[in-house]
Amino acid sequence: MVMKCPDISLRQIEAFKAVIDNGTVSRAALMLNNLPALQSKLIAHLEADTGLKLFDRLKGRLAPTEHGHAAL
């Protein structure tokens, strides 16, 4: 049986790593020269494409889940 790889992009991975490294979507967006809305969209698409919940949304902040930590 052949497994299909999720259709993820390098930009999604960079967005994920930047949020992990910088702690907030806004700071991650600044580091990548993106708008925070684009940063959030890339993360949401990454989660949808992989079927994994990588972050919990807590009072406007993203906190890595177990899957998010394991992806590092």
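Annotations for the structure displayed:
- Qualifying residue in region 54-66 (condition: out of contact with any strand residue (DSSP E or B) (no Cβ under 7 Å at 6 or more places or on another chain) and at pLDDT 90 or above): no
- So Leu62, is it surrounded by 13 or more Cβ atoms within 10 Å (Cβ to Cβ), out of contact with any Cys (no Cβ under 8 Å at 6 or more places or on another chain) and either in a strand (DSSP E or B) or among the aromatic types (Phe, Trp, Tyr) (or both): yes
- Qualifying residues in region 23-39 (those that are part of a helix (DSSP H, G or I) and not hydrophobic (A, V, I, L, M, F, W, C)) - the one least open to solvent (accessible area, probe 1.4 Å): Gln39
- Candidates in region 40-59 are the residues that are surrounded by 15 or more Cβ atoms within 10 Å (Cβ to Cβ) and in contact (Cβ under 8 Å) with a residue 24 or more places away in the chain; of these, the one that is nearest to the chain's Cα centre (by Cα) is Ile43.
The values are calculated or read from the model by the stated rules, or taken from the named source; none is laboratory data. Quantities reported herein were computed from a predicted structural model and do not represent experimental measurements. Here the Cβ is made from the backbone with ideal geometry for all residues, glycine too, and neighbour counts use every protein chain on show. Just so you know, the surface numbers come from the protein's heavy atoms only, side chains and all, with ligands and any DNA or RNA stripped out. Shrake-Rupley method; radii C 1.70, N 1.55, O 1.52, S 1.80 Å.
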